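What follows is calculated from the coordinates using simple rules that are stated; it is not laboratory data. Nothing here was measured: the structure is a model prediction, and the numbers come from that model. Note: ideal-geometry Cβ built from the backbone for every residue, glycine included; neighbour counts use all protein chains shown.
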Amino acid sequence: MDFDSPAADADLLRQQLMSKYPMDRIKALCALEVEPAPGASAEQVAAAGAAARFAARGIPFYAAHDAQYLAWVDKAVTLWQRLQAAPVLTAAAVRTPAVTAARHA
């Protein structure tokens, strides 16, 4: 799944967050870590901030049929849709897992 592409949709994000493989879930959560583009509106900045705060809390205990986990996935997807509705990032502003990992190496 290529979250660098603006074509990545909410259904793909949901599939990745529900994956039984931890790295799939981590990659999907990283897609919410965006920075507003210079000159972004207050709404765009707020959307990016909300998504970043959500992602910073990490992934809860994985339980594919647990109501709390499913609610967490729903919230992630809602934030993703909010980010997609108001373009808040530029290609250079996306923090991909590879870039994030390199910063912590």
*Phi-based couplings in Hz for region 25-38 (Karplus 6.51, -1.76, 1.60; Gly and Pro marked x)*: 5, 5, 4, 5, 5, 4, 5, 7, 8, 10, 10, x, 5, x
_FRET efficiency for residue 15 and residue 53, using Cβ-Cβ distance with R0 set to 35 Å, rounded to 0.05_ = 0.90
